[in-house]
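Comments concern the structure below.
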Amino acid sequence: MRVHQTDFSQGSVYKNILEVAVPMTFAQLLNLLYNIVDRMYIGRIPEVGTLALTGVGLCFPIITLITAFTYLFGNGGSPLCAMERGRGNEDEAEKLMGNTFTMLIATGLVLMVVGLVFYKPVLYLFGASDITFPYAGAYIRIYLLGTLFVMVSLGMNPFINSQGFGNMGMFTVLIGALLNIVLDPLFIFVFHLGVQGAAFATILSQFCSAVWVVRFLTGKRAVLHLKRDALRIQWVRVKNIMSLGVSGFIMAFTNSLVQIVCNATLQGYGGDLYVGVMTVLNSVREIFTMPVMGLTNGASPVMSFNYGEHAFGRVKDAIRFVTVLCVGYTLIAWGILKVVPGFFIRIFNDSPELLDKGIPALHIYFFGFCFMALQFTGQSVFVALGKAKKATFFSLFRKVMIVVPLTLILPRVGGLGVDGVFWAEPVSNLVGGCASFFTMLITVLPELKLGKKTV
C-alpha cells in the first residue's frame, strides 16, 4: 500500500490542510457509521424498532463519556506531538505518544469495570423506563466489553494524522466501519440477536481498527514509533497532555451531560416518544457536524506544526481558510435540513408518530446551525496552539453555562414544554459560538502578527 506523508512546512497551507482534512473528514463520516448503522437497523427490528431505538439512545451518554476520555489523552497528546516534531524534537514526540497510549489503556480498564458494575442505575438515571431498559441494558453491557478497543482506535489515530499520514488515519476508520456495516444485519437479523447483535458488531469492528492503529505505529512506515521505553509514565508529561486535552474532554463530557438532562426532561414532559425524537436529532446532528469536525481536526496538526516552527503567517492562513469553509458548509447544511427534514428522520424510523413530532423539533433544533461552526473553529485554534485555559473555558461555557440551564428553564417558559428543550441548542450555538470565535480573533491574531515580525 502506498503511504503518502504531508510535509506541513512546505507548499500551500490550504493544500496541507486538505490533504489531512479530506481523508480525516471521510474517516469521521465512516466513524459515524458505527452508531448510525446500528440505529438504522435497530429502528427496523420488527414490532419493537421504535422502543429499541429509544433504548439504545439512552446509552449515548455512556458512549460519549468513553469517547471523552479518548479526547482527553489523544487530542491532548497529538497537538503536543506535532509541535515537538515542528521543533525537531522527535524523541519527546515519541514519549508523548507512548504516555498517551498507557493512559488510554489504564483509563479504558477502569471505565469498563465501573460501567459494568453501575450501568443499571445509571441508565435509569439517564431516563430509562421499565419498557426501554431491557434494550438499553442489552446493548451497553456488550459495548462496555469493547472499551479498550474504542480507547485505542479513537485515542491513538490522531497520532497517525499528526505525522501527516491522513490516508492511513482514514483506513483506521474505514476498516471498522465497513466491518460494522456487514456484521450489523448478520448479527441482528440473521442470528436474531437484536440490539445485542448491533453491540457485538460494533466492538468487533473497533477491535480490528485498534489492531490496525497499533500495527502502523509500531511498524516501519511511521515517522514516530510506539516504543516500549516511551510507555513509562512521567506525570509532568501526562499533566501537559491532559491540560490541553481537557477542553476536548469537557466538550464531549458536557455533550453527555446535555444528553442526560435532555432525555430526563423529555421523559418528564413527553415520554418515551420524545426521547426517541432526541435520539434521531442527535444522529442527524452527528451526520452534519462530522465534516466540520473533520476539517477542524485536519487543520489542527498543520497549525500545531507551523506554530512550533514559528511560521505564524501560515497559521493565520489556516485559520482564515477553516473559518470560511466551515461557515459556508453549515449554511448549506441548514438549508438542506430546512427543505427536506423528513428524509433524515426516515433514515432511522418511518413511524408516522415519530415523523409528526420529529419534523417540528428538527426545525427548532437546527435553527441558526451556521453559528455552530464558529464554536468548532475557535475551539480548534485554541487547542492547536496550546491555549489550554481558553479551550477549556469555552468548552464549559456553551454546554454547562448555557445549554443545561436552558434545557431545564425553557420548558417552563410560556408553555414551551418539549419545544423548550429543543430551543436550548440553537441559542447555545449563537451565544457560545460567537463568544469562542471572537475571543480567538481578539487574542490569537495579535500574537501571530507580533510573532511573525520577530521571526
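Within region 167-180, which residues are of a type in the set (A, V, I, L, M) and open to solvent by 10 Å² or more (accessible area, probe 1.4 Å)?
If the condition is that a residue be of a type in the set (A, V, I, L, M) and open to solvent by 10 Å² or more (accessible area, probe 1.4 Å), then Met170, Val173, Leu174, Ile175, Leu178, Leu179 are the ones that fit.
Taking the options Thr296, Thr265, Thr279, name whichever one is touching a helix residue (DSSP H, G or I) at 6+ places or on another chain (Cβ under 9 Å) and either within 30 Å of Ala384 (Cα to Cα) or not in a helix (DSSP H, G or I) (or both).
Answer to the check: Thr296.
Just to be sure before I move on: is Gln196 surrounded by fewer than 22 Cβ atoms within 10 Å (Cβ to Cβ), closer than 30 Å to Tyr135 by Cβ, touching a residue at least 24 places away in the same chain (Cβ under 8 Å) and polar (S, T, N, Q) in the structure I sent?
yes
Going residue by residue through region 226-243, is there one that turns out to be closer than 30 Å to Ala52 by Cα, in contact (Cβ under 8 Å) with a residue 60 or more places away in the chain, part of a helix (DSSP H, G or I) and open to solvent by 20 Å² or more (accessible area, probe 1.4 Å)?
No, region 226-243 contains no residue that is closer than 30 Å to Ala52 by Cα, in contact (Cβ under 8 Å) with a residue 60 or more places away in the chain, part of a helix (DSSP H, G or I) and open to solvent by 20 Å² or more (accessible area, probe 1.4 Å).
Kindly indicate whether Ala222 is among the aliphatic types (A, V, I, L, M), under 23 Å from Met24 (Cβ atoms), open to solvent by less than 60 Å² (accessible area, probe 1.4 Å) and in contact with a Ser or Thr (Cβ under 8 Å, 6 or more places away or on another chain).
In short, no.
Could you figure out which of (1) more than 13 Å from Val258 (Cβ to Cβ); (2) in a helix (DSSP H, G or I) isn't true of Gly414?
(2)
Does Gly271 count as of a type outside the set (S, T, N, Q) and free of Cβ contacts under 8 Å to residues at least 60 places away in the same chain?
When the stated conditions are applied, Gly271 passes them.
Would you point out which residue out of Thr100, Thr172, Thr132 is among the β-branched types (Val, Ile, Thr), under 21 Å from the mean Cα position of the chain (by Cα) and at pLDDT below 90?
Selected residue: Thr172, the only one of Thr100, Thr172, Thr132 that is among the β-branched types (Val, Ile, Thr), under 21 Å from the mean Cα position of the chain (by Cα) and at pLDDT below 90.
Please enumerate the residues belonging to region 237-295 that are polar (S, T, N, Q), farther than 18 Å from Asn429 by Cβ and at pLDDT 85 or above.
Asn240, Ser243, Thr265
From the list Gly115, Gly88, pick out the single residue that is without any contact (Cβ under 8 Å) to a residue 60 or more places away in the chain, of a type in the set (Gly, Ala, Ser) and either closer than 18 Å to Val56 by Cβ or touching a strand residue (DSSP E or B) at 6+ places or on another chain (Cβ under 9 Å) (or both).
Step by step, each of Gly115, Gly88 is checked, and only Gly115 is without any contact (Cβ under 8 Å) to a residue 60 or more places away in the chain, of a type in the set (Gly, Ala, Ser) and either closer than 18 Å to Val56 by Cβ or touching a strand residue (DSSP E or B) at 6+ places or on another chain (Cβ under 9 Å) (or both).
Quick one: which residue in Gly164, Gly155, Gly98 is outside any helix (DSSP H, G or I), touching a residue at least 60 places away in the same chain (Cβ under 8 Å) and open to solvent by less than 20 Å² (accessible area, probe 1.4 Å)?
Gly164
Checking the conditions here, which among Ile319, Ile345, Ile402, Ile359 is part of a helix (DSSP H, G or I), under 30 Å from Ile45 (Cα atoms) and in contact (Cβ under 8 Å) with a residue 24 or more places away in the chain?
So the residue among Ile319, Ile345, Ile402, Ile359 that is part of a helix (DSSP H, G or I), under 30 Å from Ile45 (Cα atoms) and in contact (Cβ under 8 Å) with a residue 24 or more places away in the chain is Ile345.
Restricting the search to region 42-59, which residues are buried (at least 24 other Cβ atoms within 10 Å of the Cβ), part of a helix (DSSP H, G or I) and either more than 19 Å from the chain's Cα centre (by Cα) or of a type outside the set (Val, Ile, Thr) (or both)?
Once the filter is applied, which keeps residues that are buried (at least 24 other Cβ atoms within 10 Å of the Cβ), part of a helix (DSSP H, G or I) and either more than 19 Å from the chain's Cα centre (by Cα) or of a type outside the set (Val, Ile, Thr) (or both), region 42-59 yields Ile42, Ala52, Leu53, Thr54, Gly55, Gly57.
So if I check each of Leu441, Leu448, Leu430, which one is modelled with pLDDT of 90 or more, closer than 24 Å to Glu309 by Cβ and assigned to a helix (DSSP H, G or I)?
Within the list Leu441, Leu448, Leu430, the selection yields Leu441.
Report whether or not Ala201 is under 19 Å from the mean Cα position of the chain (by Cα), over 23 Å from Leu18 (Cα atoms) and crowded, with 18+ Cβ neighbours inside 10 Å.
Considered against the rule, which asks whether it is under 19 Å from the mean Cα position of the chain (by Cα), over 23 Å from Leu18 (Cα atoms) and crowded, with 18+ Cβ neighbours inside 10 Å, Ala201 comes out as no.
State yes or no: is Asp419 without any contact (Cβ under 8 Å) to a residue 12 or more places away in the chain and either open to solvent by 40 Å² or more (accessible area, probe 1.4 Å) or aliphatic (A, V, I, L, M) (or both)?
no
Just to be sure I understand, how many residues within region 435-450 are touching a helix residue (DSSP H, G or I) at 6+ places or on another chain (Cβ under 6 Å) and more than 11 Å from Phe312 (Cα to Cα)?
3
Can you spot a residue in region 110-127 that is assigned to a loop (DSSP other than H, G, I, E, B), at pLDDT below 85 and under 30 Å from Phe348 (Cβ atoms)?
yes
Would you confirm, using the coordinates I've provided, whether Thr70 is part of a helix (DSSP H, G or I), hydroxyl-bearing (Ser, Thr, Tyr) and open to solvent by 30 Å² or more (accessible area, probe 1.4 Å)?
Taking the combined requirement at face value, the residue does not satisfy it.
How many residues are of a type in the set (Val, Ile, Thr) and under 26 Å from Thr265 (Cα atoms) when one looks only at region 97-126?
Selection size over region 97-126: 3.
Residues that are of a type in the set (A, V, I, L, M, F, W, C), touching a Lys or Arg at 6+ places or on another chain (Cβ under 7 Å) and open to solvent by 10 Å² or more (accessible area, probe 1.4 Å): does region 258-265 have at least one?
Yes, region 258-265 contains a residue that is of a type in the set (A, V, I, L, M, F, W, C), touching a Lys or Arg at 6+ places or on another chain (Cβ under 7 Å) and open to solvent by 10 Å² or more (accessible area, probe 1.4 Å).
The values are calculated or read from the model by the stated rules, or taken from the named source; none is laboratory data. Note that this is a predicted model, so its numbers are computed, not measured. Ideal geometry is used to build each Cβ from the backbone, glycine not excepted, and the neighbour counts take in all protein chains shown. Each accessible area value is taken on the protein alone, full model and side chains, heavy atoms only, with ligands, DNA and RNA left out. Shrake-Rupley method; radii C 1.70, N 1.55, O 1.52, S 1.80 Å.
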